[in-house]
Structures are given as C-alpha cells and as structure tokens.
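Enquirer: Sharing a structure with you now.
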Amino acid sequence: DGKNFLEYCLSTDLQESDIVFGGEKKLRQAVREVVDIFHPKCIMICSTCPVGLIGDDIQAVAEWAGKEFSIKCLAFSCEGYKGVSQSGGHHIANNGLIRHIIGTGDGVVGKYAINILGEYNIGGDEWEIARILKRVGYEIVSTFTGDGSYEKIKNAHTASLNLVQCHRSINYIAEMMKDKYGIDWIKVNFIGLGAVCKSLRDMAKYFDDEDLTARTEAVIADELSQIEDDVDHY
C-alpha cells in the first residue's frame, strides 16, 4: 500500500555516507524489502548516475538476489541512460530483456498478434494506440516498454509482427527477434492523423486479409468522423 511504499522509499534512499562508502549493502536491503512487500516475480535494478560514479557492483547484487529469493533479478548498468538521446541506455536495457526475459513465457496468441516496439507511454500514447489497434482486431502481446509488464514481455516471441515506433531506440531488437524467432517487423508512426491511417493500412497490407482490411478502413472512417468538426475548426 501507499504507506509501505513510502517507508520503502525513505529507508532505501542513498545518503552522503553511501556515496562515499558504497551503497551495495543498502541495495541488498532494498531488494529484500521489495520481496517482502510486493512479492514480485521479477526485479530489475537500474543504476543511476551516483551508482556509476561510486562503482557499486549491481550485477553481483542481482545474482545474489536471484539465488536468495529464487526469482528473476536483472541489473542494468545504464547510469545517465548513456549515449546520444539516451539510446545507449535503451540498448543496454533491451539487450537484457531479449537475453533473459523474451522467450521464457508460453502464452497462446491469436492470428493478429503484435508487439509494439519503441513506445514508452510517456504521455499515455500507448493507451490510445492500443485502443485503436484493438478496435481493428489486433492482439497486443507486449509493448516495449510503456505500460508493459514482465508477464507480457515474456511472451513477446509469440507475436506475428513487430511494430517499430521509435526506430533509433529499438530497431536492432526487431532485427534480433526476426533472426531468433522469425518475427517480421514494419516501421510505424502513430503521431498525427495521416501517419496513424498509413500505419494501420500498412499493417493490414502485411497480413493480407480481406476482412482485416475492411475492418481497418471501417475503424479509420469512424475515428475520423468523430473528430471531423474539431479538424475543420483548427
């Protein structure tokens, strides 16, 4: 609950002494508290800038946690989120996901199962994208990583198609999934009315199904009709 979460945050905050002498002991305690309070199936440790400066071995802590609590625990040394436009940090995180999580699930999906890659739900975008895609008839297996979850990402390998939204941060993961699991990918853009319509039509073209194409056009027409007055006004 909120009270426990607040207590957890206060008890694990890095202080000046931790910066000087290291924070691994406090990190281990934080992991223990997370397990006790939230009982997670997976814990991910991401290093911040101070952690990178003081050199805490978060990989060792993750290995300890995995053995101590018999759960999946991953560590990402992505302090400052590295690289131009944070792309280096994305690469570190996504490489960890594809090595240790993707492909570990055994979910069953339908005919039009997709992943959305490079969508981080920063402004709630993923919720609106998902709403429209589900109207057409697509099943979203996972999103990398906005509104995502450990359980969903485990089953990402079962999708039929990957949609690449932010090309710079994740296109290489789409290529790795194609090589490893045979999943094709296409570039999409869900920003702007014209781009959304084109992306939906490109998806329908990939699956090459008359019913899906017809539903795509019907959804596009209906969605545009609902905002026609606003579009005309602006």
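Enquirer: Counting only residues that are part of a loop (DSSP other than H, G, I, E, B) and open to solvent by less than 20 Å² (accessible area, probe 1.4 Å), which one in region 97-114 is farthest from Thr213 (Cα to Cα)? Give the steps one after another, and end with the answer.
Expert: Of all residues in region 97-114, those part of a loop (DSSP other than H, G, I, E, B) come to 101-112.
This time we only want the ones that are open to solvent by less than 20 Å² (accessible area, probe 1.4 Å), so: 101-102, 105.
Details: Ile101: 33, Ile102: 30, Gly105: 30 Å.
The extreme case among them is Ile101.
Enquirer: Report whether or not Ala130 is buried (at least 20 other Cβ atoms within 10 Å of the Cβ) and at pLDDT 95 or above.
Expert: Working: buried (at least 20 other Cβ atoms within 10 Å of the Cβ): no; at pLDDT 95 or above: yes.
Here the answer is no, as Ala130 does not meet what is asked.
Enquirer: Kindly list the number of the only condition in (1) under 16 Å from Ala113 (Cα atoms); (2) without any contact (Cβ under 8 Å) to a residue 60 or more places away in the chain that fails for Phe207.
Expert: With (1) under 16 Å from Ala113 (Cα atoms); (2) without any contact (Cβ under 8 Å) to a residue 60 or more places away in the chain applied to Phe207, the lone miss is (2).
Enquirer: Let me ask something else. Which residue, of Ala30, Ala75, Ala60, is within 30 Å of Ala174 (Cα to Cα), surrounded by 17 or more Cβ atoms within 10 Å (Cβ to Cβ) and either of a type outside the set (A, V, I, L, M, F, W, C) or touching a residue at least 12 places away in the same chain (Cβ under 8 Å) (or both)? First the steps, then the outcome.
Expert: Details: Ala30 fails: within 30 Å of Ala174 (Cα to Cα); Ala60 fails: surrounded by 17 or more Cβ atoms within 10 Å (Cβ to Cβ).
Testing whether each residue is within 30 Å of Ala174 (Cα to Cα), surrounded by 17 or more Cβ atoms within 10 Å (Cβ to Cβ) and either of a type outside the set (A, V, I, L, M, F, W, C) or touching a residue at least 12 places away in the same chain (Cβ under 8 Å) (or both) leaves just Ala75.
Enquirer: Taking the condition modelled with pLDDT under 95 and closer than 24 Å to Gly123 by Cβ, does Ile220 pass?
Expert: In short, no.
Enquirer: When only residues in region 13-38 that are assigned to a helix (DSSP H, G or I) and of a type in the set (Gly, Ala, Ser) count, which is modelled with the lowest pLDDT?
Expert: Quick first cut of region 13-38, residues assigned to a helix (DSSP H, G or I) only: 16-21, 24-38.
From the residues that got through so far, the ones that are of a type in the set (Gly, Ala, Ser) too are 17, 30.
On the way: Ser17: 77, Ala30: 92.
Top of the filtered list is Ser17.
Enquirer: Additional query: Looking at this structure, is Gly146 surrounded by fewer than 20 Cβ atoms within 10 Å (Cβ to Cβ), under 14 Å from the mean Cα position of the chain (by Cα), in contact (Cβ under 8 Å) with a residue 24 or more places away in the chain and within 19 Å of Leu161 (Cβ to Cβ)? Outline the logic, then answer.
Expert: Numbers: surrounded by fewer than 20 Cβ atoms within 10 Å (Cβ to Cβ): yes; under 14 Å from the mean Cα position of the chain (by Cα): yes; in contact (Cβ under 8 Å) with a residue 24 or more places away in the chain: yes; within 19 Å of Leu161 (Cβ to Cβ): yes.
Against the criterion (surrounded by fewer than 20 Cβ atoms within 10 Å (Cβ to Cβ), under 14 Å from the mean Cα position of the chain (by Cα), in contact (Cβ under 8 Å) with a residue 24 or more places away in the chain and within 19 Å of Leu161 (Cβ to Cβ)), Gly146 qualifies.
Enquirer: Can you find even one residue in region 87-96 that is in a helix (DSSP H, G or I) and either of a type in the set (D, E, K, R) or surrounded by fewer than 13 Cβ atoms within 10 Å (Cβ to Cβ) (or both)?
Expert: Narrowing region 87-96 to residues in a helix (DSSP H, G or I): 87-96.
This time we only want the ones that are either of a type in the set (D, E, K, R) or surrounded by fewer than 13 Cβ atoms within 10 Å (Cβ to Cβ) (or both), so: none.
No, because not a single residue in region 87-96 is in a helix (DSSP H, G or I) and either of a type in the set (D, E, K, R) or surrounded by fewer than 13 Cβ atoms within 10 Å (Cβ to Cβ) (or both).
Enquirer: Which one is surrounded by the most Cβ atoms within 10 Å (Cβ to Cβ), of the residues in region 63-72 that are outside any helix (DSSP H, G or I) and over 18 Å from the mean Cα position of the chain (by Cα)? Can you show your working first?
Expert: Within region 63-72, the subset outside any helix (DSSP H, G or I) is 70-72.
Right, trim to over 18 Å from the mean Cα position of the chain (by Cα) and you get 70-71.
Details: Ser70: 9, Ile71: 16.
Once the filter is applied, the top-ranked residue is Ile71.
Enquirer: While we're here: Restricting to region 117-139, count the residues that are hydrophobic (A, V, I, L, M, F, W, C) and more than 22 Å from Asp211 (Cβ to Cβ). Even if it seems obvious, please write down each step before you answer.
Expert: Pass one, region 117-139, residues hydrophobic (A, V, I, L, M, F, W, C): 117, 122, 127, 129-130, 132-133, 136.
From what is left, the residues that are more than 22 Å from Asp211 (Cβ to Cβ) are 117, 122, 127.
Total satisfying the criteria: 3.
Enquirer: Could you please let me know if Gly192 is surrounded by fewer than 16 Cβ atoms within 10 Å (Cβ to Cβ), of a type outside the set (Val, Ile, Thr) and closer than 20 Å to Thr143 by Cβ? Reasoning before the result, please.
Expert: Values: surrounded by fewer than 16 Cβ atoms within 10 Å (Cβ to Cβ): yes; of a type outside the set (Val, Ile, Thr): yes; closer than 20 Å to Thr143 by Cβ: yes.
Yes.
Enquirer: Quick one: which of Asn155, Asn171 is free of Cβ contacts under 8 Å to residues at least 60 places away in the same chain, more than 13 Å from the chain's Cα centre (by Cα) and open to solvent by 20 Å² or more (accessible area, probe 1.4 Å)?
Expert: Values: Asn155 fails: more than 13 Å from the chain's Cα centre (by Cα).
Unique residue meeting the criteria: Asn171.
Enquirer: Specify the residue that is modelled with the lowest pLDDT; the eligible residues are those in region 43-53 that are surrounded by 15 or more Cβ atoms within 10 Å (Cβ to Cβ) and not in a loop (DSSP other than H, G, I, E, B). Can you show your working first?
Expert: The initial filter retains those residues of region 43-53 that are surrounded by 15 or more Cβ atoms within 10 Å (Cβ to Cβ), namely 43-47, 51-52.
Going one step further and asking which of them are not in a loop (DSSP other than H, G, I, E, B), we end up with 43-46, 51-52.
Details: Ile43: 95, Met44: 93, Ile45: 92, Cys46: 88, Val51: 84, Gly52: 81.
Taking the candidates together, the pick is Gly52.
Enquirer: Among the residues that make up region 209-225, is at least one of them touching a helix residue (DSSP H, G or I) at 6+ places or on another chain (Cβ under 9 Å), surrounded by 16 or more Cβ atoms within 10 Å (Cβ to Cβ) and of a type in the set (Gly, Ala, Ser)?
Expert: For region 209-225, residues touching a helix residue (DSSP H, G or I) at 6+ places or on another chain (Cβ under 9 Å), surrounded by 16 or more Cβ atoms within 10 Å (Cβ to Cβ) and of a type in the set (Gly, Ala, Ser): absent.
The values are calculated or read from the model by the stated rules, or taken from the named source; none is laboratory data. Note that the structure is a prediction, hence the values are computed from the model and not measured. All Cβ positions, even for glycine, are placed from backbone atoms using ideal geometry, and neighbour counts span all protein chains on display. Remember, those area values only see protein heavy atoms, side chains included, never the ligands or the DNA or RNA. Shrake-Rupley method; radii C 1.70, N 1.55, O 1.52, S 1.80 Å.
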